[in-house]
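What follows is a set of notes on a single structure, which appears directly below.
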Amino acid sequence: MYSTRTSQDGSYRFIPAVYQYSGGVAAEPGFRIERAQLASPVALDKGLALIEAHLERIDRPLTALCACELRSPEPFSEGGFDAFNRLYASRLDRWGILQGQVNPVARTNICPEIDKPETVSLHAFSYTVPDAAAKASFVVAGSGEAPEGGASYAQGTIRPGDASPEGVRAKAKWVMGEMERRLAGLGHDWRDATVANIYTIRDIHPLLADVLLPITSLGRAVTWHFSRPPVAVLDYEMDVRGLPREIVIEASA
């Protein structure tokens, strides 16, 4: 099971992972995580400015930021993904969020197959707010079918290039296992989830009665996004969250 560390401002704990994002976050006692989705995604630079303005408006420090959801035009090459991640992480570092080379902010970055953005864009973000009566809240970061932090995604990918039903099933099983490991590390399980997202252009219907049974057996929905993971070699991604409050804001807000 994964272990956790505490964020800079002490309002959430996180699963250390790689420099570009953490494996997931959970609010500490006395706080809850709130998610703000943009009415329409905006280019990342504008989105980061929007995050700054929103946190200032609600009197929260930049270190309260705990998760970002991005949308990209096309999957990156591994080199392109690394270059983008270093630029992204440097911005969070300027905000005082990073702990050395450890990034506490969870992230999902996917590529819509239809209605693609022109550039990497911000879709939503999550942050902590004080709430003495809050129930537990968490965000599990997106993961595709490869362990993170290895020499390359290509070396660790489950059934690379295999889009057969058996290949997709193998990928989905691994990703479900990773979601469960991260949930457990944060002190949660599927019963605590309010949203489970799947990002793939492959057919997930054959998976609903077995691979995804830990979710569907609870009478919970899974949300299928017709999208690709952010690295070209990957084919299937998930993320999960359990939040008591989510809002929608305008880009001009």
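Convex hull volume per residue, computed on the Cα atoms of the chain, equals 117 Å³.
Net charge dipole, the chain: roughly 400 debye, given to the nearest 20, about the Cα centre with Cβ charges of +1 for Lys and Arg and -1 for Asp and Glu. The alpha carbon gyration tensor of the stretch 1-77 gives principal lengths a ≥ b ≥ c with a/c of 1.5 or higher and a/b no greater than b/c, which makes the shape oblate. Within the same chain, aspartates and glutamates fewer than 8 places from LYS116 are excluded, and of the rest, those with a Cα less than 13 Å from its Cα are GLU74. With R₀ fixed at 30 Å, the C-beta to C-beta distance from GLU166 to ASP45 puts the FRET efficiency at about 0.10.
DSSP beta bridges in the chain, what fraction antiparallel, as a percent rounded to 5? Walk me through the numbers on the way to the answer.
Working: 37 of 52 bridges.
Expressed as a percentage, antiparallel bridges in the chain total about 70.
Label sites at GLU246 and GLU56, each approximated as a point 7 angstrom past Cα along Cα to Cβ, lie 2.8 nm apart. The simple Förster model, with R0 at 41 Å and r as the Cβ-Cβ distance, assigns ASP82 and ALA209 a FRET efficiency of 0.60. Near HIS123: Cβ cut-off under 10 Å, other residues only, Lys/Arg at +1 and Asp/Glu at -1. The net charge is 0. In percent, rounded to a whole number, the relative contact order of the stretch 5-249 is 29, using alpha-carbon pairs under 8 Å and six or more apart.
Any read-out appearing in this document is the output of simple, stated calculations on the displayed coordinates, not a laboratory observation. This is a predicted model, so every value here is computed, not measured. Methodologically, a virtual Cβ is constructed for each residue, glycine included, from the backbone with ideal geometry; neighbour enumeration extends over all protein chains shown.
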